[in-house]
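Below is one structure, written out as structure tokens; comments come after it.
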Amino acid sequence: MTRLPVTMKFFGATGTVTGSKTGIFAGSDIDDRILIDCGLFQGPKEFRLRNWQTLPFDPQSIGSVILTHAHIDHSGYLPRLVKQGFKGPIYCSSATAELLQIMLLDSAHLQEEEASFANRHGFSKHKPAKPLYHVEDAEQTLEQLRPISLNQEITNGKYIRFRLIEAGHILGSAMVSLSVSKNRSEYQLLFSGDIGRYGVPILPNPGNPDTASWVVMESTYGDRLHEMDNLESRLAELIVNGIRRGGVILIPAFAVGRTQYLLYLLRHLQNTKDIPKIPIYIDSPMAIQAFQTHKRHIKDMDIETQYLRKSGDHPLTPENLHLCPSRDESKALNFIKDNAIIISASGMATGGRILHHLKLRMPHKENTLIFIGYQGIGTRGRTILEGSETVKIHGAAVPIKADVHSIDGFSAHADQDELMTWIQKFPQKPQKIFINHGEPESSQAIAELIS
């Protein structure tokens, strides 16, 4: 087996699905020291506390960062890295750069607001509570973005070249195909980022990977299959049942990717008359901005979505849709008594406006709560799904009496079969595959299957 003249170190996404950071050190010069992704740890407190720990490398010693996509578990640590002295370029796709304008500022605002809320209400153990980073750190981070096109080859430092390949995970997502030219030889590495789905609406299929000696591969759903056959019918059934209960239907959803997929399906179910056209509210400033970004990037979507838009349909815009960007518009939703669907972030109920809706609606049995995504260990979403009688929100134990459901199939991650489809598309068998970005059971299952 060929020994690669490069050191690779994992600083996150090991034994968990968050905190993605992989260091590639191809030489002593700063430009040959890069990070692939720079994400926040999320979920259990023990993971979140890692965001506050001193990094095992000096941020000023890193020459550049290459991002696979805009999700916070892959990008959300960037402002902290910049705050600690990182000054290099941050390479990403054009759509990712546009989404980061939304997501990093939102992340900074959210952390400042949560610290302020904790200080006002006194439920933080830290006196005073402080945000991980501030808005000005996020703004400086955005100044360092360097958008590039998919498949555009970039030379980075003395030894490294790379290009981005379509990943099909969210708008703008990419794999990183990286070459290290050293000792008169060229060595190939490929980083999957988050691998998308095959044959689902809105986004293209994942692109075929390049030949690589080393492959770093995600494993979020390495031990599971998505139930795609009844996705639309199950969503329609739960919405109709929720309407019969007489209350409000709450759907926590990730602002980027998941919300747009949900809107696509709601529009389709309206068109087929499987659900009535009750009011639908998006109560997430980030989801609203991401919704507008998706409408501008129709050329980056799959052929069917482009065709529907050109034919006059609005595939991401269900009828009776209402956007609630302001706090006053969000608070006004508290007074809704009739049937309505409220879509709000975050998808795992770890923060954001969804917490206020859960606090208000969950104690009442006429309301319905539908999770449409994976709920990580230690998150409020996982606590609710596991049947707890209460969940802690803003320091208070909130009773769970609403009708709670979960639908599989919405995930933007490849399932076990799709991961195997992807790994078999390599032109040649890789020498070594590193499995990351998964809980231990998922990583172990896909590793054994690949072996």
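The values are calculated or read from the model by the stated rules, or taken from the named source; none is laboratory data. Remember, it's a predicted structure, so these values are computed and weren't measured experimentally. Please note: Cβ atoms are built from the backbone with ideal geometry, for glycine as well, and neighbour counts cover all protein chains shown. We work out accessible area using only protein heavy atoms, side chains counted, and drop any ligands, DNA or RNA first. Shrake-Rupley method; radii C 1.70, N 1.55, O 1.52, S 1.80 Å.
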Averaging 1/r across every pair of distinct alpha carbons in the stretch 315-395 and inverting yields a Kirkwood hydrodynamic radius, in angstrom, of 14.0
Treating only Lys and Arg (+1) and Asp and Glu (-1) as charged, each at its beta carbon, one finds that the stretch 287-358 has a dipole about its Cα centre, in Debye to the nearest 20, of 220
Expressed as an acute angle from 0 to 90° and rounded to the nearest 10, what is the orientation of the C-alpha long axis of helix 94-121 relative to the principal long axis of the chain?
60
So, relative contact order of the chain in percent, Cα under 8 Å, 6 or more apart, is 17
Given a 1.4 angstrom probe, what's the average accessible area per residue across the stretch 182-254, in square angstrom?
38
Quick one: net charge around Gln260, please, counting Lys, Arg +1 and Asp, Glu -1 for every other residue with C-beta under 11 Å from its C-beta.
+3
Of Met175, Gly246, Pro204, which is farthest on the positive side of the dipole of the stretch 117-264, counting Cα position, with +1 on Lys and Arg Cβ, -1 on Asp and Glu Cβ, and the Cα centre as origin?
Gly246
Could you give the angle, 0 to 90 degrees to the nearest 10, between helix 231-245's Cα long axis and the longest principal axis of the Cα atoms of the chain?
30
What is the Cα centroid distance between the stretch 415-451 and the stretch 233-253, reported in whole angstrom?
36
Solvent-accessible area per residue for the stretch 327-451 at a 1.4 Å probe radius, Å²?
46
Just to confirm my numbers, what's the Cα centroid distance between the stretch 106-168 and the stretch 44-64 in Å?
13
Lys and Arg at +1, Asp and Glu at -1: neighbours of Arg3 with Cβ under 13 Å from its Cβ sum to +2
Accessible area, probe 1.4 Å, largest first, for residues Lys273, Lys158:
Lys273, Lys158
Using a 1.4 Å probe on heavy atoms of the protein chains only, the accessible area for Ser94 in Å², nearest 10, reads 60
Take the cross-link list Lys83/Lys392; Lys21/Lys432; Lys310/Lys425; Lys310/Lys337; Lys295/Lys359; Lys182/Lys429 and give me the ones stretching past 29 Å between alpha-carbons.
Lys83/Lys392; Lys310/Lys425; Lys310/Lys337; Lys295/Lys359
With all protein chains present and a 1.4 Å probe, how do Leu164, Leu360 order by accessible area, largest first?
Leu360, Leu164
Solvent exposure ordering (accessible area, 1.4 Å, most first) of His109, His294
His109, His294
Considering only Ile303, Ile280, Leu225, whose Cα is most displaced toward the positive end of the charge dipole of the chain, charges sitting on Cβ of Lys, Arg (+1) and Asp, Glu (-1)?
Ile280
Rounded, prolate or oblate: which one fits the stretch 306-451, using the alpha carbon gyration tensor with axes a ≥ b ≥ c (rounded when a/c is under 1.5, else prolate when a/b beats b/c, else oblate)?
oblate
For the chain, give the magnitude of the charge dipole about the Cα centre (Cβ charges: +1 Lys/Arg, -1 Asp/Glu; no others), in debye to the nearest 20.
820
Before rounding to the nearest 500, sum -39500 (n - 2.57) across all DSSP H runs of length at least 4 in the chain and divide by the residue total; then give [θ] at 222 nm in deg cm²/dmol.
-9000 deg cm²/dmol
Tell me the angle of helix 258-271 to the major Cα principal axis of the chain, expressed in degrees between 0 and 90 and rounded to the nearest ten.
50
Net charge near Ala397: determine it from the other residues with C-beta under 15 Å of the C-beta of Ala397, scoring Lys and Arg +1 and Asp and Glu -1.
+3
Of the accessible area of the stretch 82-201, computed with a 1.4 Å probe and all protein chains kept, carbon and sulfur make up a percent value of 46
Three principal axis lengths of the stretch 88-141 [C-alpha, angstrom, descending]
41, 20, 14
